[in-house]
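The values are calculated or read from the model by the stated rules, or taken from the named source; none is laboratory data. Predicted model, so just to flag it, every value in this text is computed and none were measured. Cβ placement follows ideal geometry from the backbone for every residue including glycine, while neighbour counts extend to all protein chains displayed. Accessible surface areas use protein heavy atoms only, side chains included; no ligands, DNA or RNA. Shrake-Rupley method; radii C 1.70, N 1.55, O 1.52, S 1.80 Å.
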Amino acid sequence: MAIKTKINSITIKGIRGAKDSLELPLKGKSIVLYGDNGTGKSSISDALEWFYTNRVYHLSSNSEIDLKDALRNSGLGKDDISEVNVSFVKESDIDCSKTLFYKRDNLTTDFSNSSDDFKKYLELSKEENLLLRYQYLTDFIDNTKSDKLKYLSDIIGFLEVTKKKDVLKKSYNSIKTEIKNQNFEAQTNIQKGTLIEKLGAAISQEENLFEKINEKIKPLKTGIEVEKFEDIDKVLAHLKNETNNKLNKELAFLEKANTVLDTIKSEVEFIDSEYTNYFNEFELIANDVESIMQTFLGELLKAGDTVLAKKYHKTDNCPLCLQPKSIEELRAEIAIRLKEIEESSKKKASFDKAKQLVNSITIERIKRLETVLLDPLVEVDESKLIKKGFTDLKEKITEYQKASVERVTSGNKIPKAETLKLLTSDFEFQNAIGSRIKEIQEIFKKDNSAVLYSNISASKDAFLKIKLFEKQKEKLEKQRKSLEIIYNEFVKVQKEGLENFITSFSGKINEYYQYMNPDEPFQEIKIVTVGDEDELNGITIEYKYNGNWVSPPQKYFSESHLNCFGLSFFLASVNAFNNKNEFILLDDVISSFDSNHRKRFAELIFEKFSKYQIILLTHEADWFTNFVSPLAKKKGWLINEIKWTKEKGTHLEEEPRDLRVRIETNLADSKIENLGNPIRRYLEHSLKEIALNIEAKLSFQYNDSNEHRMPYELIMGIKSEIKKCSAELQAKFPVIDRIESSAILGNISSHDNPFNPKIGDLKAFWADILELEKIFICEQSDCKRPLVSLKNYDSVAKKIRCGGCGKTKYDWKK
Amino acid sequence: MAENVKSGKEILDDFFNGIETIVHVDADIAKMLKRLYQEDKLTDTNVKNELQQLRDGDKD
């Protein structure tokens with residue numbers, strides 16, 4: 001089984017808010033990251049989205065934004081390189097850095113890994129659902145029904161299925177058109193007429209043809225009995241020897257010309273009616289070219305509707321012309337115009353069909369006229385009139401053909417049907433053909449064998465042609481039937497496939513939704529196909545509300561419910577389509593949820609998606625602190641905070657342990673620049689821990705403000721509590737007083753205040769902090785819970801002590 | 001996702017692999033469509049030309 005991909009580490013540098021290197025050393029673990037608004041936590045999602053898709057949806061969807069430029073941290077110089085580095089667990093062969101840098105004044109992108117394995121991995125990943133942001137939550141719901149179908153079809157590869165269905169449908173239609181175009185009935189009737197004229201009977205069986213010919217040649221006593229077609233040739237050869245060969249050839253030519261003319265003459269109404277239909281369709285569209293042009297506007301209108309639906313534009317005016325109009329009104333108008341465009345597309349399809357039919361009908365008739373025009377006998381002087389007549393007819397039919405290729409949007413008109421219609425006068429030259437045939441027949445009358453030759457030859461040709469038409473029609477009908485069965489079967493399979501998928505997919509969406517919304521009136525949420533048996537044209541969402549089916553979901557869903565559906569949809573997509581990657585990034589997805597839904601969402605993630613590596617970003621402090629972090633800690637997730645400062649941009653809050661190592665390393669190396677903030681943060685952490693453990697009383701503060709206590713306030717609280725409860729700890733006041741009165745404390749208490757203390761002062765201050773810490777942290781190496789805390793209060797000895805060995809203890813009066 | 005759920009490609013592969021077993025379908029047409037699909041040449045123009053060739057080649 002192929003390895004499922006999890007992230008080992010992500011490092012971004014010079015991307016969006018992250019100026020310096022921001023590293024997430026995940027080692028395949030999930031992480032919850034808290035970042036206040038404006039700290040740039042979305043730099044991580046932007047970087048990852050760009051790494052995988054080469055776009056960042058919320059930046060790419062605005063044409064005024066140059067993506068590459070927007071991706072670069074604004075503090076970077078031209079020589080700086082922006083970089084996203086992603087390494088993977090057990091798949092170091094696909095580790096890669098994607099960089100963005102200036103090359104000859106142009107921002108250029110490059111991947112460090114050019115292996116086929118990486119390329120393949122990237123291609124696979126593009127198809128997967130790896131990232132969800134708050135603003136994408138309602139994307140699916142806000143799509144039109146047809147876009148919903150397209151969205152899902154694209155993901156599961158149904159686009160290809162639809163393409164193949166279209167090929168089968170077009171092939172089936174082309175056979176139908178060919179059958180109509182050939183007009184077998186008219187062609188057969190003309191040949192039947194020839195048979196009646198030459199043999200005096202409408203013959204459909206070979207035996208009857210042979211019988212009739214035998215009857216005709218009996219008086220000649222040729223000694224030939226016609227039992228098969230070769231025998232007819234023998235008869236003709238016998239008769240030919242005795243007759244005027246030249247005249248026979250001329251007669252055959254004239255009769256061929258006559259038959260072609262008779263057939264076309266019989267089709268005048270057929271051609272006229274198909275052309276009239278095409279003309280009407282043409283006029284309909286040409287008089288309303290706007291509506292065809294509108295089909296090009298369809299995409300713009302759809303995009304506009306998306307902008308309004310997603311509330312990118314909130315004021316009550318048109319986002320393009322800025323004319324005042326309510327957004328509801330605007331969307332309703334767009335819906336009407338899109339409906340009109342849909343009608344126009346249908347009109348155009350009907351027009352295209354009529355146009356194609358006229359084109360193929362005329363081409364076929366021109367081909368038939370050419371069989372005469374290409375005969376050598378048409379060039380002899382006696383055929384001048386025939387040649388002109390056929391050429392004129394060909395020109396007239398060519399006019400039809402030209403009209404059938406006219407572009408409807410050209411602004412040109414096509415001729416009216418009555419100006420093109422073939423007239424009786426167009427066939428007047430046929431009289432001359434008829435007269436000449438009669439003349440030859442008169443000559444032949446004096447020579448019975450010549451008449452017989454002509455009649456038998458023409459009958460044979462007519463009979464064979466009828467059989468040919470029958471065969472051609474039969475073949476086409478057979479193909480039409482096969483293609484019809486294949487097409488219907490394909491539609492059935494396609495529909496079944498899509499419905500199987502949708503049923504299963506709906507089940508997952510409903511499962512996740514119900515998990516987050518137990519005991520609510522929205523039940524059996526599902527997505528359903530819309531459309532006829534062979535033409536799916538959309539997908540909609542339904543659910544049961546108080547026992548009744550409701551659609552669309554916006555009807556009763558609140559924003560929070562809609563977002564919850566979006567989240568369920570994304571998670572069901574992850575479950576269904578992510579075959580390679582086993583990580584997802586969720587960026588601030590629960591902002592619209594109340595606390596109960598947030599809690600349920602966290603439980604859903606921890607319970608149903610425990611096998612996935614999750615990168616969870618949030619700016620909801622309460623949810624992070626009081627709910628997700630404790631749960632995440634239990635499950636072995638990493639927990640961290642994202643901060644932003646002017647000098648570092650977006651960066652991660654370091655763990656106190658890491659912070660201490662950094663401070664001490666820098667002090668040892670005498671690198672004291674920018675050490676103020678780390679020392680302040682470390683001191684704040686220590687003081688908060690002491691205040692918490694001795695239950696120091698501080699003034700009440702709400703949520704975040706409580707977290708942002710300054711060192712001075714914390715020291716006052718701690719001293720006050722000690723004064724009240726512990727004479728023994730009061731003896732330790734000198735170290736606390738030294739910290740409190742240090743000039744360094746005054747300077748570093750301002751978060752961004754740059755100051756340059758002397759190295760000696762800074763070292764002394766740091767030593768005091770560590771000494772203070774030692775008072776409240778047991779130094780015994782075997783002490784498992786070294787924090788001195790009231791949680792370990794010895795109520796008999798009245799002492800506060802560490803929670804492990806109990807060796808570090810102080811008097812404490814409660 | 002349930003076992004009976006197929007991707008678009010699986011649906012197409014299965015359909016064209018079994019096309020010759022569809023009742024009342026001309027075997028040559030089924031074979032021709034299967035071949036064009038497998039060669040990734042299933043377009044309406046190709047099918048139209050192949051159908052014409054089948055008609056021309058069928059002398060019965």
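Points to keep in mind about this one:
- Length released on extending from A:D352 to A:K646, taking residue separation times 0.36 nm less the Cα-Cα span: 99.5 nm
- Phi-based couplings in Hz for region A:460-469 (Karplus 6.51, -1.76, 1.60; Gly and Pro marked x): 4, 4, 4, 4, 5, 5, 4, 5, 5, 4
- Here A:K611 is the anchor, and the aspartates and glutamates within straight C-alpha reach of less than 16 Å, apart from those fewer than 8 places off in the same chain, are A:E582, A:E603.
- Cα centroid of region A:557-590 to Cα centroid of region A:418-485, whole Å: 71 Å
- Restricting attention to region A:1-87, the count of lysine pairs at 8 or more positions apart or across chains with alpha carbons under 17 Å apart stands at 11.
- Here the Karplus relation 6.51 cos²θ - 1.76 cosθ + 1.60, evaluated at θ = phi - 60°, turns the backbone of region A:495-512 into coupling constants of 5, 4, x, 5, 5, 4, 4, 5, 4, 5, 5, 4, x, 5, 4, 4, 4, 5 Hz, with x for every Gly and Pro.
- Net length gained if the chain between A:D381 and A:Q780 were fully extended (0.36 nm per residue, minus Cα distance): 130.8 nm
- Comparing A:Q430, A:L297, A:F522 along the charge dipole axis of the protein assembly as shown, the residue lying farthest to the positive side is A:F522, per the Cβ-charge model.
- Phi to ³J(HN,Hα) by Karplus 6.51 cos²θ - 1.76 cosθ + 1.60 over region A:734-746, Hz, x for Gly, Pro: x, 5, 5, 5, 4, 5, 4, 8, 5, 5, 5, 4, x
- Cβ-Cβ FRET estimate between A:E418 and A:K221, R0 fixed at 35 Å, reported to 0.05: 0.05
- Solvent-accessible area, 1.4 Å probe, carbon plus sulfur percent, for region A:13-81: 41 percent
- For the segment A:362-373, counting C-beta atoms of other chains within 10 Å of every residue's C-beta and taking the mean gives 0.
- By definition, a body whose alpha carbon gyration tensor gives a ≥ b ≥ c is rounded when a/c is under 1.5, and region A:2-156 falls into this rounded group.
- For the pair A and B, total buried accessible area rounded to nearest 100 Å², probe 1.4 Å: 2700 Å²
- Taking the Cα centre of region A:23-167 as origin and assigning +1 to Lys and Arg Cβ atoms and -1 to Asp and Glu Cβ atoms, the resulting dipole is close to 340 debye.
- Inter-site label distance for A:K544 and A:K180 at 7 Å from Cα along Cβ, in nm: 4.7 nm
- Extension gain from A:K256 to A:T109, taking 0.36 nm per residue of separation minus the Cα-Cα distance: 45.7 nm
- Distance from region A:111-148 to region A:617-650 (C-alpha centre basis), Å: 26 Å
- Restraint check, A:K176/A:K396; A:K643/A:K697; A:K348/B:K9; A:K169/B:K41, Cα-Cα greater than 20 Å: A:K176/A:K396; A:K643/A:K697; A:K348/B:K9
- Ordering of A:467-477, A:448-458 by packing is A:448-458, A:467-477, highest average first (other Cβ atoms within 10 Å, averaged per residue).
- Taking amide H positions as modeled 1.01 Å from N, with prolines and chain starts lacking one, the residues under 5 Å from A:E524 and 5 or more places away or on another chain are A:K544.
- With all protein chains kept in place, the per residue accessible area of the protein assembly as shown amounts to 51 square angstrom at a probe of 1.4 angstrom.
- Carbon-plus-sulfur accessible fraction, region A:438-524 (probe radius 1.4 Å, protein heavy atoms only): 49%.
- Highest-first arrangement of A:252-258, A:41-47, A:175-181, where packing means the average Cβ count within 10 Å: A:41-47, A:252-258, A:175-181
- Residue-averaged [θ]222 nm for chain A, counting only DSSP H segments that reach four residues, each worth -39500 (n - 2.57): -18500 deg cm²/dmol
- Enclosing the Cα atoms of chain A in their convex hull gives a volume equal to 265 cubic angstrom per residue.
- Modelled this way, with points 7 Å down the Cα-to-C-beta line, the labels at A:K813 and A:D737 are 2.1 nm from one another.
- Zone residues, region A:632-646, relative to A:S9, backbone N less than 20 Å from point 7 Å out along Cα-to-Cβ: A:637-643
- Ranking A:N106, A:F624, A:N73 by Cα position along the charge dipole of the protein assembly as shown, where only Lys, Arg, Asp and Glu carry charges on their C-beta atoms, puts A:F624 farthest toward the positive end.
- Cα gyration tensor shape for chain B, rounded if a/c is under 1.5, else prolate or oblate: oblate
- Measuring between alpha carbons in the structure, the pairs from A:K475/B:K31; A:K164/A:K580; A:K240/A:K446; A:K634/A:K809 lying more than 19 angstrom apart are A:K164/A:K580; A:K634/A:K809.
- Amide H contacts under 5 Å for A:A201, placed H, 5+ residues apart: A:I196
- For region A:38-107 versus region A:164-202, the gap between their alpha-carbon centres in whole angstrom: 64 Å
- Summarising the amide proton neighbourhood of A:E641: residues at separation of 5 or more, or on other chains, whose placed amide H is nearer than 5 Å comprise A:Y34, A:E653.
- Computed magnitude of the charge dipole of region A:160-219 (debye, nearest 20; Cβ of K, R +1, Cβ of D, E -1): 420 debye
- For the protein assembly as shown, the dipole from Cβ point charges (+1 on Lys and Arg, -1 on Asp and Glu) about the Cα centre works out to 1960 debye, to the nearest 20.
- Annotation: for a label point projected 7 angstrom from Cα along Cα→Cβ of B:K9, residues of region A:496-524 with backbone N closer than 18 Å are A:498.
- Under 17 Å from the Cα of A:K438 - aspartates and glutamates, other chains or at least 8 residues apart: A:E197, A:E250, A:E255, A:D262, A:E382, A:E428, A:D447
- Bridge orientation summary for the protein assembly as shown: considering DSSP beta bridges with both residues in this region, about 70 percent are antiparallel.
- Rounded FRET efficiency, nearest 0.05, which uses the C-beta distance separating A:S595 from A:K791 and R0 of 25 Å: 0.35
- Nearby aspartates and glutamates by direct alpha-carbon distance to A:K798 (threshold 14 angstrom, same-chain neighbours under 8 apart not counted): A:E728, A:D811
- Relative contact order of chain A, defined on C-alpha pairs under 8 angstrom at six or more residues apart (%): 18 percent
- Burial annotation for region A:465-500: residues with an accessible-area loss of at least 50 Å² between the isolated chain and the complete set of protein chains, computed on heavy atoms with a 1.4 Å probe, are A:K475, A:Q479, A:S482, A:I485, A:I486, A:F490, A:N500.
- Ranking A:I440, A:L452, A:Q472 by how far each Cα lies toward the positive end of the dipole of region A:399-503 (charges on Cβ) leaves A:L452 at the top.
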